[in-house]
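This report refers to the structure that appears directly beneath it.
Laboratory data are not the source of any read-out in this text; all were calculated from the coordinates shown. As the structure is a computational prediction, the values presented were derived from the model and not from experiment. Don't worry about glycine lacking a Cβ; one is built from the backbone with ideal geometry, like all the others, and counts go over all protein chains shown.
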Amino acid sequence: MFFSKAATFGDEELVRAVSASDTESRHSENGFIDKLKANDAAAFETLVDRFSGAIFAVALRLSSDREDAADLTQETFLRAFRSISGFRGDASLKTWLIRIAINQSRNRARWWRRRRRDRTVSLDEPIGETNISVGDTIPGETASPEDSTLQREREAALLTALSTLKPIYREAIVLADIEGLTYAECSAALEINMGTLKSRIARAREELRSKLKDF
């Protein structure tokens, strides 16, 4: 409907229409945030439904461990529920949640380091008592067995390569190149300036190219 109208609008009318749409969207978002701050249970359920998939994807890339990713996702929303009153709106809700997930991931990493945890996770490791492996949960668009195998090998190589990067580089490239956030969103989520972000992404890309040169 909007695009059919846009075809007949002049430039000024189109700008006004887009501005009105943006204003309405902001008002709707502000109303939703007000409900969250009022501890509205339905609003919080909506928040989880809307963003849990994205947060889990980020957590999985950061941790390379499905169970850890699930725990991090749960911890992220618990922390969000407890701290929503302090949400200032200087970033989108998604960016704010990713920022929380990153902080929770860092806290968990420090916790494990203090206990000298040292283990690797195989994508062929079964989940619980099922016959489904971690690698099976990584989506792929190919259908043939050969292509699926190759895709899994590439995904395994990527997760392994990511796990060897320093956390600051892994965080930057996961958000920018894998999750597809804009540089502005990455900068806000990581709470670093644009120059630092670009430097970390460049370094991460260089290291990944070296580690994945055979793929």
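Each Lys or Arg adds one and each Asp or Glu subtracts one; over the other residues with Cβ under 15 Å from the Cβ of residue 214, this totals +1. Distance between the pseudo-spin-label points of residue 211 and residue 163 (7 Å out from Cα toward the beta carbon): 1.0 nm. Modelled label positions at residue 54 and residue 78, each set 7 Å beyond Cα in the direction of Cβ, lie 2.3 nm from each other.
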